[in-house]
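Q: Take this structure, written in structure tokens, and hold onto it; I'll ask about it next.
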Amino acid sequence: MPPGSLQENAPVPQLYGKSMTRGEVAAHAGSLSQFAGVRLMTLGDGVERGLRMLEFRTGSGLRFTVLVDRAMDIAEVEHKGRAIGWHSAAGFRHPGLHDAEGEGGFAWARSFSGFLVTCGLDHILGPEVVSTESYNYPGRKTASHGLHGRVSAIPARLTGYGEAWDGDACVLWAEGVVSQATVFGENLVLYRRIEADVGGDEIRLSDRVVNEGFLKTPHMMFYHINIGHPVLEEGARYLAPIKEVVWAAHEGRYRAQEVGYQRAPAPSNGFAEQVWQHEMGANPVGEVPVALVNDRIGLGIEVTTQKEQFPCAYQWQYYQSGAYVMGIEPSTHHVLGNQAARDRGEMIWLGPQEARQYQTRFKVLDGAAQIAKSEAAIRAIAAQPDEDFPIPSGQFPHLSGR
């Protein structure tokens, strides 16, 4: 198994209803790629032209793709031919076509698509102008940040990928380095590793963000995890260990649209986005599992993060026809934004060579039994509110920052 693996005791592959040793896999085909593997390809047309992409197939029916030239974010996720990840009309746009500074900071939306879009590394949420005093350059007093920061449009340096056997277990893996840097500003580097077991239904993501510069640098981060049809459809349920609903954007609008936080409606025209911030509980080992499930087709996706790493959690609902999506969004900071994090003493300030680690798991829930098991584990942590429109407390717990 390659250095840095996220799974010390990977399971023997379960392929087509039985356990298969490495020798048995080899005996049944000339190459593992018949069943599973990772391969690098380059997209060739339209706004995607020239974009490098890794395709993972685990042999269980789980297939997902990683956009090497888009911060190694995850584009497509599907299971047994059923889509889980969301695609927008914008497509998987080549970063060379991206205008990070355009449209008053909202040009980010022209490149917004896929299952996982990373937001950061020094700014998240809406456009803002903030001080750059920490960079000690008199000619630049402020930085102008667009929606959700810059990192998702930066190509990675692909440092490795492939299949690694450890005895009879096999892990599919990829690693890359994403550098968000400028003169007179930040020098933040994201080291990303993605894994999946042959025969498995889980994706493991490990991120390490390092200040490779020599000046104190702000750090903020969240994951825009976007789930679409068929997991998302009328009646799909959001499951989370919600201890308290902290905030709701445009709260009055929610009742007018008759859409609460628990169940998804059908797509509709004229739907205005809804965003919640929930205060989540964690299990005894500090994990926060959140899921979206579709009982009708017996399919769901569970996202598990570490409370210490992502103390905040948003839920994004955009049920507009033609852009039908729900987002599970773990975050380092409250929805209050960049300046508020500074004012409240909650900004993460990384000194030279200081780092933050993030480990996340994405697990496919295939069938009613797996959905029930996930729901029971979530409810054992905290019982989410029964009402569709819980009144937000407006109380944002203090975050430690450093």
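The values are calculated or read from the model by the stated rules, or taken from the named source; none is laboratory data. Computed from a prediction, not measured in an experiment: that's the story for all the values here. Positions of Cβ are generated from backbone atoms using ideal geometry, with glycine treated the same way; all protein chains shown enter the neighbour counts. Each accessible area value is taken on the protein alone, full model and side chains, heavy atoms only, with ligands, DNA and RNA left out. Shrake-Rupley method; radii C 1.70, N 1.55, O 1.52, S 1.80 Å.
Q: So what's the net charge close to ASP168: Lys and Arg +1, Asp and Glu -1, counting the other residues with Cβ under 14 Å from its Cβ?
A: So the environment of ASP168 carries a net charge of -2.
Q: Which far-off residues, 5 or more places away or on another chain, put their amide H under 5 Å from the one on CYS170, with H placed in the peptide plane?
A: Under 5 Å from the amide H of CYS170 lie the amide H atoms of VAL198, each far enough along the sequence or on another chain.
Q: Count the net charge of all other residues whose Cβ sits under 11 Å from the Cβ of GLN370, scoring Lys and Arg as +1 and Asp and Glu as -1. List each step's numbers first, then the result.
A: Values: positive: LYS363, LYS373; negative: ASP201, GLU302, ASP366, GLU375.
Net charge in that neighbourhood comes out at -2.
Q: Ranked highest first by the average count of other Cβ atoms within 10 Å around their residues, in what order do 256-263, 190-197 fall?
A: The peptides rank, most packed first, as 190-197, 256-263.
Q: Same structure again: So, with a 1.4 angstrom probe, what is the percent of accessible area on the chain that is carbon and sulfur? Kindly include the intermediate steps, with their values, before the conclusion.
A: Working: 8120 of 16340 Å².
On the chain, the fraction of accessible area on carbon and sulfur atoms equals 50 percent.
Q: If we sort 134-146, 172-184, 372-384 on the protection proxy, mean other Cβ atoms within 10 Å, highest first, what's the order?
A: Working: 134-146: 13.7, 172-184: 17.7, 372-384: 16.1.
Ranking the peptides 134-146, 172-184, 372-384 by packing returns 172-184, 372-384, 134-146.
Q: Would you mind giving the average projected area, over all directions, of the Cα convex hull of region 293-349 in nm² with one decimal?
A: Taking the Cα atoms of region 293-349, their convex hull projects to 5.8 nm² on average.
Q: Take the Cα coordinates of the chain, assign each an equal point scatterer, and use the Debye formula without solvent to give log10 I(q)/I(0) at q = 0.13, 0.14 Å⁻¹.
A: Taking Cα atoms of the chain as identical point scatterers yields -1.15, -1.34.
Q: Once you put a point 7 Å from the Cα of ALA109 and another 7 Å from the Cα of ARG342, both along the Cβ direction, what distance in nm separates them?
A: Using points 7 Å along Cα→Cβ, the separation is 2.6 nm.
Q: If you don't mind, another one. Per residue, how much accessible area does region 325-402 show when a 1.4 Å probe rolls over the protein heavy atoms, in square angstrom?
A: Here the residues of region 325-402 average 46 Å² of exposed surface.
Q: Another question, if that's okay. With N set to the residue count of region 57-182, report its C-alpha Rg divided by 2.2 N^0.38 Å to two decimal places. Write down the numbers at each step before the final one.
A: Values: Rg = 17.7 Å, N = 126, 2.2 N^0.38 = 13.8 Å.
For region 57-182, the normalised Cα radius of gyration comes out at 1.28.
Q: Just to verify a number: FRET efficiency for PHE389 and GLU244, C-beta to C-beta distance, R0 = 22 Å, to 0.05?
A: 0.95
Q: Here is a follow-up. Give the average over all directions of the projected area of the C-alpha convex hull of region 1-93, one decimal, in nm².
A: Working: hull surface 31.0 nm².
Taking a quarter of the hull surface, the average projection is 7.8 nm².
Q: To continue, here is another question. Keeping all protein chains in place, calculate the accessible area per residue for region 152-294 (probe 1.4 angstrom), answer in Å².
A: So region 152-294 comes to 34 Å² accessible per residue, rounded to a whole number.
Q: Let me ask something else about it. Compare the Cα positions of GLY46, GLN309, PRO397 along the charge dipole of the chain (+1 at Cβ of Lys, Arg; -1 at Cβ of Asp, Glu; about the Cα centre) and return the one farthest towards the positive end.
A: Going by the charge dipole, the pick is GLY46.
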